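The values are calculated or read from the model by the stated rules, or taken from the named source; none is laboratory data. In this text the structure is predicted, and so the values were computed from the model without any measurement. FYI the Cβ positions are ideal-geometry reconstructions off the backbone, even for glycines, and counts take in every protein chain you see.
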Amino acid sequence: MNVRQIVHIDMDAFYASVEQRDNPELRGKPVVVAWLGSRSVVCAASYEARKFGVRSAMPAVTAERLCPSAIFVPPDFSRYRAVSHAVRDIFALHTDLIEPLSLDEAYLDVTQTKSGLISGFEVATSIRSQIREVLNLTASAGIAPNKFLAKIASDWRKPDGLFEIRADDIESFLAPLPVGKLPGVGKVTEERLLHLGHKTVGDIRAIGLSVLEANFGSHGRRLFELARGIDESPVVPDRPTQSISAEDTFSSDMPLVETEATVTRLAERVWNSATQESRIGRTVVLKLKTSDFNIATRSHTPVSPPSSYEEFFEIVMWLFRRVDLDPSTRYRLVGVGLSNFSDPEAFPIQPNLFQ
């Protein structure tokens, strides 16, 4: 049986790179793709802007403070979507097993190819060359026997990089990596692992499965497998999006009124992600976790889905104002989501969001 060949392609600073490509005056300059305002977050930053510490999902006002010379460009998602489709046309020359993650990245299973190339390395090299020649953009690529390793590899030599993790090199590659490199290891899990004295993936590999499951429940088995480079998840073409969400856990519990700024940032992050989808989300969700770990959700499904960020944010804040818990309640987490995705033609046109 052939070892799987999975390629992860990640476009470099995609939105900002498209803006620099299409406007020569922006080339070589710190470009930040964002609506400029107190409620806005960064959609993308050019590598010139990243040198100042500007990152995606950062509040725009923070980006402006870090990089006073930054040139702010409002996002044009219809243009980015058109370029993304052109990138996927290039992918399709090599394989039909394409799993888009967003407008700027995708997994490809190239164990067997349409182009006649015999290795993942050759396919990734060809794709990167075609993206450069046809679209005048750059992409980074990772090649590995599975998805999670391919994604790590694509980030290894960014920007405009190529890196392969071969099957024989998996253990030696993973062992020195910090635990936070494993998928699903967020801040809370990372802190628990560090508290237990486990700093690297190699440390996790030395732990027995029963110990990991005792400390992390069902996620313990996933940690056990990932630390050994095991990931059997297939590349799934055209998986329809069901929901998009973002949440944030506070370092200390706080009253509801003090969470509004975070809710605002999360709302824009979710909306920016939703604009990358061909399908449309209809149900807006607000999630709250109290200091005693009780979870409360509020949701609204309008007759017609929100068609702009302003409409989406209006519903989020309407839900926020309808939270009827005790005013003294303090919160450790807030989240914003958009769900109930369907094809655009499934929705009637209605002017009233709150019917």
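Looking at THR329, THR301, THR297, THR290, which one is farther than 22 Å from GLU268 by Cβ, of a type in the set (S, T, N, Q) and modelled with pLDDT of 90 or more? Exactly one residue qualifies, and that residue is THR329.
If you go through the range 180-204 and keep only what is of a type in the set (A, V, I, L, M, F, W, C) and within 19 Å of the chain's Cα centre (by Cα), you end up with LEU182, VAL185, VAL188.
For beta carbons closer than 6 Å, sequence separation of 6+ or different chains, a first residue in the range 65-80 that is more than 13 Å from ALA45 (Cβ to Cβ) and a second that is in a loop (DSSP other than H, G, I, E, B) and among the hydroxyl-bearing types (Ser, Thr, Tyr), the qualifying pairs are PHE77/THR275. Identify the single condition in (1) in contact (Cβ under 8 Å) with a residue 12 or more places away in the chain; (2) of a type in the set (Val, Ile, Thr); (3) assigned to a helix (DSSP H, G or I) that VAL257 does not satisfy, given that it satisfies every other one. All conditions pass for VAL257, except number (1). Those residues that are closer than 25 Å to LEU108 by Cα and of a type in the set (A, V, I, L, M, F, W, C), I need them from the range 231-250; list them, please. VAL235, VAL236, ILE244 - these are the residues of the range 231-250 that are closer than 25 Å to LEU108 by Cα and of a type in the set (A, V, I, L, M, F, W, C). Residue count for the range 199-246 under the criterion of being within 30 Å of ALA261 (Cβ to Cβ) and surrounded by 17 or more Cβ atoms within 10 Å (Cβ to Cβ): the result is 3. In the range 222-237, of all residues being without any contact (Cβ under 8 Å) to a residue 40 or more places away in the chain and out of contact with any helix residue (DSSP H, G or I) (no Cβ under 6 Å at 6 or more places or on another chain), the one that is farthest from ALA144 (Cα to Cα) corresponds to ARG222.
In this structure, is SER273 in contact (Cβ under 8 Å) with a residue 24 or more places away in the chain, within 30 Å of SER172 (Cβ to Cβ) and not hydrophobic (A, V, I, L, M, F, W, C)? The answer is no for SER273.
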